[in-house]
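Single-structure report; data block below.
Any read-out appearing in this document is the output of simple, stated calculations on the displayed coordinates, not a laboratory observation. Predicted model, so just to flag it, every value in this text is computed and none were measured. Cβ atoms come from the backbone with ideal geometry, glycine included; neighbour counts cover every protein chain shown.
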Amino acid sequence: MNWELFPQFLATGLLTGGVYALIALGIVLIYKSSRIFNFAQGHILMIGGYVTWWFTENLGWDVWLSFAAAVVVAVFLGLAIERVALRPLIGQPILATIMMTLALSQFMQGGVILLFGASQRSLPIMFPLQPVIIGDVRLKLNLVMAFAFGIVGFIALMFFFRFTRAGLAMCAAAEDHHLAQSVGLRVPRIFGLAWAIASAIATVGGVMLANISGLEVNLSIIALKAFPAVLFGGLESIPGAIIGGLTVGVIEGLVGGLPNDPALRSLHLADIAPYVFLLLVLLFRPDGLFGLKRIERI
Amino acid sequence: MALRLAGDFDTSYAHDMAIIRNRGQWAMTIVFLIALFTLPFFASADILGTINLIGISIVAVQGLNLLVGYTGQISLGQAAFMAVGAYTSAVAVKAGIPFWFALPLAGLSGGLVGLIFGLPSLRIKGFYLAMATLAAQFIIPWFFRNVRVDLFGGMPGLRVPPPQIGDLIFNSQQTMFYPIIGTVVICTIVAKNIARTRLGRALIAIRDNDLAAEVLGINAFSYKLRAFFLSAFYAGLAGALWAHYARSINPEQFSLISSIWYLGMVIVGGMGSALGPILGATFVRLLEEFTVQASPLLGKAFPQLEAGLLAALCPMVFGVALMLFLVFEPRGLAHRWEMIKAAWRIRPFAH
């Protein structure tokens, strides 16, 4: 075991967890308001990264301007997805909505290859390349910034839900759709808003991930690691998404880094650590840390 | 209530339960089976290849339908259970175990692994169970990629010998047709009959309301596990057939994407009927085949898109088809077929 590198792996894991937390935030947001688990979040994230790349490459825009433009595009993408694909399914069983997001993910997978090509792309450098050094720990600046964006997103969402009209409306809709509708809230519009915000968050995550690992059509697979994060934190909980994301990041970082026995390393345990963690969460605490316990009646 | 043929009265319990109800249907069944099993003598290898692929998909989807369509449990791991069957059969046949024995063995091993990943269904259901099977979908291919590389071949995978029964070697599309279609026919009949037994009725009760089913004295957990076992057993069979059909297997073939495709076939075909998987698998595979044939033409029309056109179009076409079915025909092709049949039987009246 590489215990002397423990702080390094812990810090890297924590920062990577920031990206998972960002993805998990989007999933929780949609689930909270509309009871739809979005399997396509990873693909929205990928599209966000590719759109940013397209603006810099084809229009020659500055990378930050492209980033902002991509967030705007994502808002419209989210609205369109909700309107075209998911609104017709309101009231359908859960399998239908899961299949719809899976179908969307396939469609977007194909769409990205069609529009942007299948080869690997990379964004222009957004942050200086020198690492941040704290004691023995060296951290890549883009990881640190990704983490920072995660925290900023979290705080912004907390404010949004606590102090804005739209945020409070969304909380109300999350409690009970019919009740919210009967006090005059437009529930479908709230769903649309949730999708728009979630897509915007996904785009931020996508650009951060593209900074860290480059843009490719398998970027969406990385987003699947946010699922254990969502379940661990609890499906309805925004702080839970952050804690879950960081936990998954740390677990992955430690499992990937600590063992130095070559036989153990050759197993690539880090690939499945999040999913084993997912199974454990499901077995021992399926509602997650802050999720709501559901009471069932016949 | 299904409309029955005019003048066809149930005079005994056996007749009431019969699937094939009169001489005309018997004659049609026999003609169909003869036509099916003589197909390799006059169809080309290309067409047979497509039919074989459809057959393998039907077996996997038939199993998935037992779990998703009848029991109402969502599984995102069908391809992973296929991997278990494929590797079992490949390793067994390489070790000299005859194919006729390796095939059920593959089903059994797939079923047992499915049972393990069905265990969380004790506490969770619906979407949470989808997550547990999603974990299976990553853990199982990881296992074949990284563990016992000497046995399973790691990343590059294994070459699989053609199956052999006695002196017969199934090494072409024509010969592989028989084990595949034989399995399809048996699996379909078994699935159709499972739905009519105590087991099938219990599964349907669990799907409709698992708490109510439990109150009625159905041990929901035990029946859910049986559904998981059956579903993964079918997946194991399909995986073994796939291994000997493709003749080389690697962990990449059994990806999350293929699991999604099998689920899509269940939806397109129609959940909760034995006909659904046949229609769904055929429809989706033919759609895929059509896309494969059409994409070079499109590539000529839009040369700037040519690279990666196929990789782009297949998931897009599948995604759109699935979305359209979910919105406009959530009960699938099997339901549509029932409607056509009913309309034909009561013609010329409207209802």
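Observations on the structure shown:
- In chain A, the longest principal axis of the Cα atoms and the axis of helix A:63-81 are about 40 degrees apart.
- Comparing A:61, A:195, A:53 in a Gaussian network model of chain A, where Cα atoms under 10 Å apart are tied by springs, the biggest mean-square fluctuation is seen for A:61.
- Chain B - percent relative contact order, Cα under 8 Å, separation 6 or more: 28
- The mean sequence separation of alpha-carbon pairs under 8 Å and at least six residues apart, normalised by the residue count of chain A, gives a relative contact order of 36 percent.
- Of the DSSP H helices in chain B, those whose Cα atoms cover at least 18 Å axially and whose Kyte score averages -1.0 or more: B:23-42, B:45-65, B:78-94, B:99-118, B:127-146, B:173-194, B:220-246, B:256-269, B:275-301, B:309-328, B:332-345
- Anisotropy class of chain B from Cα gyration tensor, a/c 1.5 cut: rounded
- Helix-only arithmetic for chain B: the sum of -39500 (n - 2.57) across DSSP H runs with n ≥ 4, divided by the residue total, places the mean residue ellipticity at 222 nm at -23500 deg cm²/dmol.
- In this label model, residue A:127 and residue B:97 are separated by 5.2 nm, measuring between points 7 Å along each Cα→Cβ vector.
- In this structure the amide hydrogen of residue B:165, modeled in the peptide plane, comes within under 5 Å of the amide hydrogens of B:170, none closer than 5 places in sequence on its chain.
- Global size of the protein assembly as shown: 25.8, 90 Å for Rg and Dmax (C-alpha atoms, Rg to one decimal, Dmax whole).
- Residue B:169 paired with residue A:183, simple spin-label distance in nm, labels 7 Å along Cα-to-beta-carbon: 7.6
- Put a dot 7 Å past the Cα of residue B:28, heading toward its Cβ, do the same for residue A:162, and the two dots end up 6.9 nm apart.
- Applying 1/(1 + (r/R0)^6) with r as the Cβ-Cβ distance of residue A:4 and residue A:263 and R0 = 22 angstrom yields a FRET efficiency of 0.60.
- Cross-link reach list, lysines versus residue A:32, counting only Cα pairs under 30 Å and skipping chain neighbours closer than eight places: A:225, A:293, B:125, B:224
- Built from the Cα atoms of segment A:3-284, the convex hull projects on average onto 16.2 nm², one quarter of its surface area.
- Cα gyration tensor shape for segment A:184-238, rounded if a/c is under 1.5, else prolate or oblate: oblate
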